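Data first, discussion second: the structure below is written as structure tokens.
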Amino acid sequence: MPSVRTAPFLTCCLALAAIGRTDAAEKAYPLLAGAAPGEAVRVEAQLEVGGDVKLTDDGKPRSLRMSVSAQIDYDEKALDIRRDEKYPYRSARFYRRARAAIKIDEGGIEPALREERRLVVADESGGQVKLYSPSGPLTREELDLIDLPANSLLLDRLLPERPVKIGDHWRHDDGLIAELLCLDVVSQSDVESRLKEVSGDRARIELAGHVLGAVGGVATEIEVKAKYRYDFQQRRVTGLGLLVKEKRAIGPVNTGLDVVAKLQLALGPAEDARELSDTALAKLPLDPQPELLALACQAPTKKFHIYHDRDWHLMADAGELLALRFLDRGELVAQCNVSSLADVEPGKEPTLATFQHDLERSLGKSFERFVTVSEGTSSVGHHIYRVIAEGRVADLPIQWHYYLVADPEGHLAVFAFTVEAELVERLGEKDEALVATIEFVPRGKTGQPTSAAARPSRPRR
């Protein structure tokens, strides 16, 4: 039993310890972002996804097991900082590793980033992060590979705008959540973060909530949980573990999903980012120019390439046919099928009259009349027929926009656009713009178009 002389001393010590705990709990911590132009970090990402993809087969719903395992590592250098803020809205990245294994049912693919596309810019100047390569257009497969949730350009925006105490929480803007989860829009969200612990130079923060949103024109429901670390010395988020449970409906360009995704991100100083030096970036086009935002697509026959904007979505690229669909604000507007024909002797392509006759015969009873018939030559010498026909399918008014393209070497390709009559104005000139991008592969070569730098203009009529 303590003596009368020692008891007050012990009481005093306990009181001081209690005061110390109270002070720690009541202390407000400024979790400030300190990114600066020119600063480079190394980002290492590991993504694992498992669950079911859902699709329709002959009008009946069907589920297939799927899994994704991806490893993405890159150096990232902040290029621009928002005025009066410390968040970068544009960065340059050099991908040191970008690969994945995707399995669906009995099949699978292993997408990878081409060597010549390892330098990428992440730009949020338009309110949504866009990834593109200054070296030339990415493919849709490459874009999907590197467009991860919890984009590292956005992580510091999770931090609170005011100093917070342990236990404090703060809600996240719907626009930020949409960007973080790669959604087109968020209609409802209660996602918030809470400061859980501060130990030495690090703070531990937890994030959780439910999200209702849409992507690719269909609704999705997401439950999200995350833990992330903040470093007071580096003044940035240095690590994040993200868990996403998503149920997504089947859409016009995407399969449905019932999946669980786990993402681990680690960020630290880049020891050697010579590929992102001022000298290396000086002569590169870093602004989001339309030709860099376009996506490259090669015909299954490897006879030509086309370049399309990101509202066009590749649906099929097997056999003799490329199939794409155009979405406008989430709504399916048109489908385009592109196919190559047998080569002919230069200047011996079918006549416009023959092309019209073949189209009328292929449309059969659906055909009603021709609206437009014209021909012209593009700035790179492509001879182009343009034929617009109207008709009905199951009493629904339809327009078909057909183009036959012939190059000076005798290569031929046909574009067939199908659009409901009431949506023609929303298609606008997207059909002509897509046709104008075609690049044929010279005879005797494979995989290399006639002109990788210049984009053909629209045909003069």
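The values are calculated or read from the model by the stated rules, or taken from the named source; none is laboratory data. Remember, predicted model here, so these are calculated numbers, not experimental data. Using ideal geometry, Cβ is built from the backbone for each residue, glycine included, and neighbour counts are taken over all protein chains shown. SASA here: full protein model, heavy atoms, side chains in, ligands and nucleic acids out. Shrake-Rupley method; radii C 1.70, N 1.55, O 1.52, S 1.80 Å.
What size of dipole, in debye to the nearest 20, comes out for the stretch 64-144 about its Cα centre when the only charges are +1 on Lys and Arg C-beta atoms and -1 on Asp and Glu C-beta atoms?
160 debye
So what are the three principal axis dimensions of the chain from its Cα atoms, in whole Å, longest to shortest?
The principal-axis extents, from largest down, are 114, 53, 42 Å.
Return the Cα extents of the stretch 329-369 along principal axes one, two and three, sorted largest first, each rounded to a whole Å.
43, 25, 13
Per DSSP helix of 4 or more residues, -39500 (n - 2.57); summed, then divided by the residues of the chain. What does that give at 222 nm, rounded to the nearest 500?
Value at 222 nm, helices only: -3500 deg cm²/dmol.
For the stretch 152-216, which GluC sites (Glu not before Pro) are both in a DSSP coil and crowded by at most 13 other Cβ atoms within 10 Å?
Filter output for the stretch 152-216: 161.
Put +1 on the Cβ of each Lys and Arg and -1 on the Cβ of each Asp and Glu in the stretch 181-296; which of 292, 256, 237 then has its Cα farthest toward the positive end of the dipole?
237
Compute the distance in nm between two label points, each set 7 Å from the Cα along the Cα-to-Cβ direction, one at residue 418 and one at residue 208.
Distance between the two pseudo-spin positions: 4.8 nm.
Give the separation of the Cα centroids, the stretch 153-205 to the stretch 51-109, in Å.
Cα centres, the stretch 153-205 to the stretch 51-109: 21 Å.
For the stretch 77-233, just say rounded, prolate or oblate: build the C-alpha gyration tensor, square-root its eigenvalues into a ≥ b ≥ c, call rounded for a/c under 1.5, and beyond that prolate if a/b exceeds b/c, oblate if not.
Prolate shape, in that a/c is at least 1.5 and a/b is the bigger ratio.
What is the packing order of peptides 419-432, 355-368, 207-220, taking the mean over residues of other C-beta atoms within 10 Å and listing the highest first?
207-220, 419-432, 355-368
Give the Cα extents of the stretch 231-354 along the principal axes, in whole Å, largest first.
If we take the Cα atoms of the stretch 231-354, the spans are 73, 45, 26 Å.
Could you tell me how many degrees, from 0 to 90 and to the nearest 10, lie between the Cα long axis of helix 7-26 and the main elongation axis, the longest principal axis, of the Cα atoms of the chain?
Relative to the chain, helix 7-26 is tipped by roughly 20 degrees.
Measuring with a 1.4 Å probe in the full set of protein chains, what accessible area per residue, in whole Å², belongs to the chain?
That works out to 51 Å² for each residue.
Could you tell me which residue out of 132, 208, 228 lies farthest along the dipole of the stretch 102-235 toward its positive end? Charges go on the beta carbon: Lys and Arg +1, Asp and Glu -1, centred on the Cα centre.
Checking the options against the dipole of the stretch 102-235, the answer is 228.
Return the subset of 54/262; 247/430; 245/302; 165/247; 302/348; 130/227 for which the Cα-Cα distance in this structure is over 28 Å, preserving the input order.
247/430; 245/302; 165/247
In degrees between 0 and 90, to the nearest 10, how far off the longest principal axis of the chain does helix 352-363 point, with axes built from Cα atoms?
70 degrees
Between residue 368 and residue 103, what is the spin-label point distance in nm, taking each point 7 Å from the Cα along the Cα→C-beta axis?
Here the answer is 5.2 nm between the modelled labels.
Restricting things to alpha carbons, tell me how big the stretch 191-294 is in terms of Rg and Dmax, in Å.
According to the Cα coordinates of the stretch 191-294, Rg and Dmax are 19.1, 51 Å.
Per 5 Å bin, what percent of the C-alpha pairs of the stretch 55-161 does each bin hold, from zero upward?
The calculated distribution, bin by bin, is 2, 10, 19, 19, 15, 12, 9, 7, 4, 2, 0, 0.
With all protein chains present, how much of the accessible area of the chain (probe radius 1.4 Å) comes from carbon and sulfur, to the nearest whole percent?
Looking at the chain in its full context, I get 50 percent from C and S.
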